[in-house]
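What follows is a short report on a single structure.
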Amino acid sequence: MFYLVEEFFSIQGEGKYAGTPSYFLRTGGCNLSCEGFGTSYCVNGLVKYGCDTYFAVDRSFSNSWQKIDDANTFISHLKTEFDAIGYLPNVVITGGEPLLYARDKVFYTVFSWLIDFGIRVTFETNGVVEIDFDEFPAYRKAIFALSVKLSNSGESVSKRINDNAIKKITDNSDESFFKFTLNKEIIDSSAFDEIQNIINICPAKKIFCMPVGESRSTLEANDKAVFAFCMKHGFNYSDRLHIRIFDTTQGV
């Protein structure tokens, strides 16, 4: 059984496959909260801070999450959705942290069907959860967008970086790349050194840097600094098209 926060057909807005028509499955729950990213929201009159997909991370919202406990029923639903689209889109499994369900039977069955059906599947993950690729070999055929968190997330190093998990993913998957979220403050201090320490775990992977931004205004406050940072260090710049166009992170 796994929890699904939302599903929708859209355009991938970030990373290597930005601009690609994709069907998104957003799972509920995360092992990080990333309060440092500063997105504010209100729960029962209390103002809280977290990542831009707080509604998929904070379990205060779990009463609105959908429980998926029957793989065959959900697969039939996806077939109907893809038929309505008229072609097989890429599928992006995001969160929250989707790999919290990596060992779940229902989750693995759905993922394996997607792969067997000829669909390119990308996991958007923080790279903390270790995957057993021998026990769950279908994951070798996934693409992993490793959104490893830096100190601007507000999380401790011990919580946000797992060298073994990163190395297992990069060594065993068909494709993986790094995607870092930056603001002007970390660019002016420790961003390059932090990124270098992470990518030293597995050199030669593509590196994308994108600006912090749960809204268009926040994005615009950081994008030029990230743009210049990428030019200086030879990294790839990733915009956040969904925020740029829709000014939101939910359902787009």
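The values are calculated or read from the model by the stated rules, or taken from the named source; none is laboratory data. The model shown is predicted, which means the values in this text are computed figures rather than measured ones. Note that we place each Cβ from the backbone using ideal geometry, even for glycine, and neighbour counts take in every protein chain shown.
Within region 72-118, no residue satisfies the criterion of being touching a strand residue (DSSP E or B) at 6+ places or on another chain (Cβ under 7 Å), part of a loop (DSSP other than H, G, I, E, B) and surrounded by fewer than 16 Cβ atoms within 10 Å (Cβ to Cβ). With a requirement of 2 or more residues that are under 17 Å from the mean Cα position of the chain (by Cα) and within 13 Å of Gly13 (Cα to Cα), the helices (runs of 4 or more DSSP H) lying completely within region 190-252 that satisfy it span 241-246. Please tell me if Asn90 is of a type in the set (S, T, N, Q), in contact (Cβ under 8 Å) with a residue 24 or more places away in the chain and closer than 22 Å to Lys167 by Cα. The answer is no for Asn90. Considered as a group, the residues in region 36-95 that are basic (Lys, Arg) and modelled with pLDDT of 95 or more include one that is farthest from the chain's Cα centre (by Cα), and that residue is Lys79.
Only a single item in (1) modelled with pLDDT of 95 or more; (2) buried (at least 18 other Cβ atoms within 10 Å of the Cβ) is not met by His233, and it is number (2).
Residues in region 171-210 that are small (Gly, Ala, Ser) and touching a strand residue (DSSP E or B) at 6+ places or on another chain (Cβ under 8 Å): Ser173, Ser176, Ala191.
Keeping to region 1-37, report how many residues are small (Gly, Ala, Ser), in contact with a helix residue (DSSP H, G or I) (Cβ under 8 Å, 6 or more places away or on another chain) and part of a loop (DSSP other than H, G, I, E, B).
Our first condition is that a residue be small (Gly, Ala, Ser); within region 1-37, this holds for 10, 13, 15, 18-19, 22, 28-29, 33, 36.
Then drop every residue that is not in contact with a helix residue (DSSP H, G or I) (Cβ under 8 Å, 6 or more places away or on another chain), which leaves 10, 13, 18-19, 28-29, 33, 36.
Narrowing further to those that are part of a loop (DSSP other than H, G, I, E, B): 13, 18-19, 28-29, 33.
Total satisfying the criteria: 6.
Kindly indicate whether any position in region 169-185 is of a type in the set (Asp, Glu), farther than 17 Å from Cys34 by Cβ, free of Cβ contacts under 8 Å to residues at least 24 places away in the same chain and out of contact with any Cys (no Cβ under 9 Å at 6 or more places or on another chain). Please lay out each step first, then the result.
Of region 169-185, the ones of a type in the set (Asp, Glu) are 171, 174-175, 185.
This time we only want the ones that are farther than 17 Å from Cys34 by Cβ, so: 171, 174-175.
Checking which are free of Cβ contacts under 8 Å to residues at least 24 places away in the same chain leaves us with none.
Within region 169-185, none of the residues are of a type in the set (Asp, Glu), farther than 17 Å from Cys34 by Cβ, free of Cβ contacts under 8 Å to residues at least 24 places away in the same chain and out of contact with any Cys (no Cβ under 9 Å at 6 or more places or on another chain).
Specify the residue that is farthest from Tyr139 (Cα to Cα); the eligible residues are those in region 159-178 that are of a type outside the set (Gly, Ala, Ser) and buried (at least 21 other Cβ atoms within 10 Å of the Cβ). Here the residue is Phe178.
Scanning region 82-111 for residues being more than 29 Å from Gly50 (Cβ to Cβ) and among the charged types (D, E, K, R) gives a total of 2.
Selection over region 42-70 of residues that are part of a helix (DSSP H, G or I) and closer than 21 Å to Glu124 by Cα gives a count of 7.
Just to be sure, is Ser158 under 16 Å from the mean Cα position of the chain (by Cα), of a type outside the set (Asp, Glu) and either at pLDDT 95 or above or in a helix (DSSP H, G or I) (or both)?
Judged against the criteria, Ser158 is not a match.
With respect to the stated conditions, Ala56 fails to be in contact (Cβ under 8 Å) with a residue 40 or more places away in the chain and out of contact with any strand residue (DSSP E or B) (no Cβ under 8 Å at 6 or more places or on another chain). The residues of region 40-71 that are of a type in the set (Ser, Thr, Tyr) and surrounded by fewer than 20 Cβ atoms within 10 Å (Cβ to Cβ), listed by number, are Ser40, Tyr41, Tyr49, Ser60, Ser62, Ser64.
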